[in-house]
Amino acid sequence: MAARIAVELRRTLGLDVRLLPGAEREFTVRIDGRVVFSRADRGRFPTPDEMLELVSARSSRAAPHPHSR
């Protein structure tokens, strides 16, 4: 699930997305150090569409990446 969401964020918003290892079943998304989504808080994984909305609404870097074209 995390890899699929990362691919969508890269493809759609052109963001530099990194997947970092964490505890088993941990899923936390941060933008500039701020938590945008936490599985621990919500008790579930986000859908790819939900992540696109959350990230694009909160990201100051939601402009296309120069190499994404």
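Quick notes
- Selection count where residues are in a loop (DSSP other than H, G, I, E, B) and open to solvent by 90 Å² or more (accessible area, probe 1.4 Å), scope the stretch 51-61: 2
- Near pairs, Cβ below 6 angstrom, 6+ apart or cross-chain, from the stretch 1-25 (within 22 Å of ASP41 (Cβ to Cβ)) to any residue that is at pLDDT 85 or above and open to solvent by 60 Å² or more (accessible area, probe 1.4 Å): MET1/PHE45; ALA2/LEU19; ALA6/LEU19; VAL17/ARG10
- Hey, ARG69 out of contact with any helix residue (DSSP H, G or I) (no Cβ under 7 Å at 6 or more places or on another chain), modelled with pLDDT of 90 or more and open to solvent by 60 Å² or more (accessible area, probe 1.4 Å) or not: no
- Restricted to the stretch 36-50, and to residues there that are in a loop (DSSP other than H, G, I, E, B) and in contact with a Phe, Trp or Tyr (Cβ under 7 Å, 6 or more places away or on another chain), the residue that is least open to solvent (accessible area, probe 1.4 Å) is PRO46.
- Any hit, the stretch 14-35, residues being surrounded by 13 or more Cβ atoms within 10 Å (Cβ to Cβ), assigned to a helix (DSSP H, G or I) and at pLDDT 85 or above: no
The values are calculated or read from the model by the stated rules, or taken from the named source; none is laboratory data. Predicted, not measured: the structure shown is a model, and the values here were computed from it. Here the Cβ is made from the backbone with ideal geometry for all residues, glycine too, and neighbour counts use every protein chain on show. Just so you know, the surface numbers come from the protein's heavy atoms only, side chains and all, with ligands and any DNA or RNA stripped out. Shrake-Rupley method; radii C 1.70, N 1.55, O 1.52, S 1.80 Å.
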